[in-house]
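This report concerns only the one structure given below.
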Amino acid sequence: MNRPLIIILLLAMLALGWWRLHPAEDGVRRTRLLMGTVVEIVAQGADAQDAVDAAFAEMVRLEKLLSRHVPESDVSRISASETGGEVTPETAQVIALGLEIAAKSGGAFDLTLGRLKSLWKIEDEAPTIPSQSDITKALAGIGPHALQLDGQLVRKRQPQLLIDLGGIAKGFIVDRAVDVLKAHGIASAAVNAGGDMYLLGSKAARPWRIGIQHPRSADAILATVEVSDRAVVTSGDYERYFERDGVRYHHIFDPKTGQPARRCQSVTIIADSVALGDALATAVFVLGPQQGLELLKQFPQTEGLIVAADDTLHKSPGWDHYEAAP
Ligand code: AMP
Ligand code: MG
C-alpha cells in the first residue's frame with residue numbers, strides 16, 4: 001500500500017475511534033415521537049448508541065401491543081371482541097397492575113374508559129363537550145370489576161367495553177426501555193416520555209436533578225428533586241386540554257361523573273417503577289389531595305406532590321427527602 005493511503009486509513013481509523021469514544025464520554029441524547037409524545041433518552045456508557053437503538057425498538061414493539069390506535073394491538077382486539085381473549089404476557093402485566101390500582105383507588109383509576117375518551121375527543125382536532133345522556137351511556141357497565149384477568153386471559157363483563165391503557169401504558173413502556181438499557185450494561189441514563197421519567201444511576205457522580213413544571217406557568221419550576229434509580233411521573237390538566245367559556249376540559253376523567261377530574265392541577269409521583277408512578281399519578285389526580293395521599297400510604301417508597309385545584313400544595317410525608325434547593 002502506498003504511504004498516503006496508509007496515512008488516510010490511519011486518520012480514518014483514528015476519526016472512527018474518536019467518534020466511537022466520544023459518545024461514551026459525553027453520552028448519547030436522542031428523541032423520537034412515540035406514544036403520541038416526544039420520548040427522549042440520554043445514556044452514558046460504551047455501548048450507549050446500540051443500547052438506545054434497542055430501547056427505542058422495544059418501545060415501538062410494546063406500543064404496537066398496548067395502543068388503542070393500532071388496529072391489531074392486544075387492546076384493540078380485546079375491545080373489538082364481545083367477551084375478551086388471550087393477550088401477550090406484557091399486556092397482561094399492564095392490565096394486572098391497572099386492575100390493582102383500580103381496586104385500591106376505589107375505581108378512580110379505570111382501564112375501561114375507552115368509550116368515554118372517544119366521546120370527549122380531547123386529543124383530537126375538534127374536541128366536544130358531550131351530552132349528559134351520551135356520558136351516562138359511555139359509563140354504563142364500566143368500573144374495577146368490568147374486566148377480569150386470569151393469567152393471560154382477559155374477560156369483559158360487557159361486550160361494548162372499550163379498553164384504554166392511556167393512564168399506565170406509557171410508564172410500563174418506559175420501564176421496559178430502561179430494562180433494555182440495563183441489559184446493554186448502561187448504568188447511567190434518563191428516559192422521559194412526556195413527563196413519565198426514569199432516572200437510572202447517577203449523573204456525574206451525583207443524583208439526577210429533575211425540575212417539576214408549575215401547572216400554570218410553563219417556565220416556572222414548582223420543585224426540584226434529586227433522584228437515583230427512581231421513576232418521576234407527572235399527570236397534569238395542562239398536558240392535553242381545551243377551553244370553552246373559561247372552563248378547562250382536560251384528558252383525565254373522573255369515572256364517577258364522566259367529566260374531567262376537578263380536584264387537582266398536577267400530581268407528581270416518585271416511585272420504584274414508572275408503570276406504578278404513572279397509574280398512581282392518574283389515580284391521585286382523580287382522588288384529590290386528601291384521598292390521594294391516603295392511597296399513597298399503601299405503597300412503600302412512593303411519594304407524591306400535589307397541586308390542588310385551589311392552588312394549595314400537598315406533599316406525602318417522605319417527599320422532602322427528595323426535594324432539593326432550586
Ligand atoms: P396520564 O397522563 O398518565 O394521567 O393519563 C391520562 C390518560 O389516561 C388519558 O389520556 C386517558 O387515556 C387515560 N385516563 C383518563 N382518565 C383516566 C382514569 N380515571 N383512569 C385511568 N386512565 C384514565
Ligand atoms: Mg398516568
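None of the figures in this text is laboratory data; all of them are computed from the coordinates on show. Since this is a predicted model, take the numbers as computed values, not measurements. Cβ atoms come from the backbone with ideal geometry, glycine included; neighbour counts cover every protein chain shown.
Name the residue from Q49, I270, I186 whose Cα lies farthest towards the positive end of the charge dipole of the chain, charges +1 on Cβ of Lys and Arg and -1 on Cβ of Asp and Glu.
Q49
In µm²/s, what is D for the range 247-317 at 10 °C and 1.306 mPa s, where D = kT/(6 pi eta Rh) by Stokes-Einstein and Rh is the Kirkwood radius from Cα pairs?
On the way: Rh = 12.1 Å.
Translational D for this selection: 131 µm²/s.
If you put +1 on each Lys and Arg Cβ and -1 on each Asp and Glu Cβ, how big is the dipole of the range 134-265 around its Cα centre, in Debye rounded to 20? Before the final figure, lay out the partial values.
Numbers: 18 positive and 14 negative charges, 33 e Å.
Dipole magnitude for the range 134-265 comes out near 160 debye.
Report the charge-dipole magnitude of the range 204-326 in Debye, nearest 20, computed about the Cα centre from +1 at each Lys and Arg Cβ and -1 at each Asp and Glu Cβ.
On the way: 12 positive and 16 negative charges, 28 e Å.
About 140 debye.
Lys and Arg at +1, Asp and Glu at -1: add these up for the other residues within a Cβ distance under 15 Å of S316 and post the number. Walk me through the numbers before you get to the answer.
Values: positive: R230, K297, K315; negative: D272, E294, E303, D320, E323.
Local net charge: -2.
Do the sum for the chain: with -39,500 (n - 2.57) for every DSSP H run of n ≥ 4, divided by all residues, what is the mean residue ellipticity at 222 nm, to the nearest 500 deg cm²/dmol? If you can, show how the numbers build up before the last one.
Values: 9 runs with 118 residues, N = 326.
My calculation for the chain gives -11500 deg cm²/dmol from helical runs alone.
Full-extension gain between K121 and S202, please, as 0.36 nm times their residue separation minus the C-alpha to C-alpha distance. Walk me through the intermediate numbers first.
On the way: separation 81, 0.36 × 81 = 29.16 nm, distance 3.99 nm.
Between K121 and S202, full extension yields an extra 25.2 nm.
So which residue, out of D254, D310, D196, gets the largest mean-square fluctuation from a GNM of the chain using Cα contacts under 10 Å as springs?
So, out of D254, D310, D196, the one fluctuating most is D310.
When the chain is modelled as a GNM with alpha-carbon springs shorter than 10 Å, which of L313, L165, L287 fluctuates the most?
L313
How about K121: which aspartates and glutamates have a C-alpha closer than 19 Å to its C-alpha, ignoring those fewer than 8 places off in the same chain?
D110, D134, D164, D237, E239, E243, D245, D254
If you take every residue apart from L113 with its C-beta less than 12 Å away from the C-beta of L113, what net charge results, scoring Lys and Arg +1 and Asp and Glu -1? Don't skip to the answer; put the middle values down first.
Working: positive: R68, R115, K117, K256; negative: D110, D164, D254.
With Lys, Arg at +1 and Asp, Glu at -1, the net is +1.
Between the range 118-179 and the range 42-73, what is the separation of their alpha carbon centroids in Å?
Comparing the Cα centres of the range 118-179 and the range 42-73, I get a distance of 23 Å.
Would you please report the Å³ per residue occupied by the convex hull of the alpha carbon atoms in the range 189-255? Present the calculation step by step, with values, prior to reporting the outcome.
Values: hull volume 6.8 nm³, N = 67.
In the range 189-255, the Cα convex hull volume per residue is 101 Å³.
Could you list which residues have their amide H under 5 Å from that of G84, counting only those 5 or more apart in sequence or on another chain, with H placed in the peptide plane?
Placed amide hydrogens put K156 under 5 Å from G84.
Taking only the Cα atoms of the chain, how large is their convex hull per residue, in Å³?
Numbers: hull volume 55.2 nm³, N = 326.
Dividing the Cα hull volume of the chain by its residues yields 169 Å³.
Could you give each residue of the range 282-295 its phi-based ³J(HN,Hα) in whole Hz, using Karplus coefficients 6.51, -1.76, 1.60 with θ = phi - 60°, and x for Gly or Pro?
Each residue's phi maps through the Karplus curve to give 5, 4, 5, 4, 6, 6, x, x, 5, 5, x, 5, 4, 4 Hz.
Once you've got the Cα coordinates, tell me which of K104/K170; K182/K315; K117/K203; K64/K297; K64/K156; K104/K137 are over 27 Å apart.
Result: K182/K315; K117/K203; K64/K297 exceed 27 Å.
Which order, highest average first, do 242-248, 217-223 follow once you tally other Cβ atoms within 10 Å for each residue and take the mean per peptide?
Details: 242-248: 10.0, 217-223: 12.1.
Going by the mean number of other Cβ atoms within 10 Å, highest first, we get 217-223, 242-248.
Taking Rh as the Kirkwood radius, which is the inverse of the mean 1/r over Cα pairs, what is the Rg/Rh value for the range 144-256? If you can, show how the numbers build up before the last one.
Details: Rg = 18.3 Å, Rh = 17.1 Å.
My calculation of the ratio gives 1.07.
So how far, in whole Å, is the C-alpha centre of the range 201-219 from the one of the range 281-311?
Here the two parts' Cα centres lie 20 Å apart.
About its Cα centre, how strong a charge dipole does the chain have in debye, to the nearest 20, once Lys and Arg get +1 and Asp and Glu get -1 at the Cβ? Present the calculation step by step, with values, prior to reporting the outcome.
Details: 33 positive and 40 negative charges, 45 e Å.
Using Cβ point charges on Lys, Arg, Asp and Glu, the chain gives about 220 debye.
Per q in 0.14, 0.16 Å⁻¹, report the Debye log10 I(q)/I(0) for the range 181-326, using one uniform scatterer on each alpha carbon and no solvent.
-0.65, -0.83
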